[in-house]
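Remarks on the structure that follows.
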Amino acid sequence: MPLDPRDQMNTAMTRLKTAQPTTKRMIIMLVLVGVVAGLVFGFEQGRSKGIAANIGAMQKTLPTVATTVANTQSWQPVATTVGSLRAINGTDLSLDVIARLGAHSRVRYIKDASTNTGRLLSIMNRCQDLAVFSASAHIPACVMLIGGVGWMAGPACVIPRQSVRLYELCRDGRWKEAMELQRRLWQINEIFARYNLAACIKAALEIKGYDVGDPVPPQPRLGSKERDIIAASLSDVEELVAVF
């Protein structure tokens, strides 16, 4: 006949009281191990249930989807101009690269600011279908004399009427008058070569009454001395259109 649980407990306690010290320690250790194992098991069970609950909640949440209408647009048939600036970091467009670009149907013009006018003539000779613009680093009238189609430069922003007049004289083949006007305008090109390009343009436009603000940092604003030099040059060339 099975013993009553209370009798079993009493028996265990009696044995614990009468057991040797070593046996008591062993029993206590086993009890503690059992308690720890029970706690670990309960923790793992709780964590598993929590993870399962979170996964279930995620599955019930619908994802947010953003949509937009995609429209078909045709490539604009514009004429692209390639620019070559002065190489300050050791890089430049080689003649081979320019020739490859010039072979593309959408690349029709190039503006070169290398200060080497002979390079422009090399481009013209090698790339027959690529039209060349002068930069302020070149003498625009000379570039148009050897076949350039115009000039695209900072000074044209501050002396537009004089720049257009120079182009018209070159276009009409009036080279003597064009070179005389070019000599008078060259002081503006010299200023642009001396000072920071953006700061020079903004200072010149402000002198002419256009509030264009300061250059974007870290480019500094020109000081009063530099602005006085620019103002004097602008004043000197202001009436040149009437003369020519």
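The table for this structure:
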item	result
Verdict on residue 153 being touching a Leu at 6+ places or on another chain (Cβ under 7 Å) and closer than 25 Å to residue 195 by Cβ	no
Candidates 93, 120 - the one that is at pLDDT below 90, in contact with a Ser or Thr (Cβ under 8 Å, 6 or more places away or on another chain) and not assigned by TED's automatic domain parsing to the domain that holds residue 184	93
Meets criteria (outside any loop (DSSP other than H, G, I, E, B) and either modelled with pLDDT under 90 or among the β-branched types (Val, Ile, Thr) (or both)) for residue 86	no
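The values are calculated or read from the model by the stated rules, or taken from the named source; none is laboratory data. Note that the coordinates shown come from a computational prediction; the quantities given were computed from them, not determined experimentally. With ideal geometry, Cβ positions are generated from the backbone for all residues, glycine too; neighbour counts draw on all protein chains shown.
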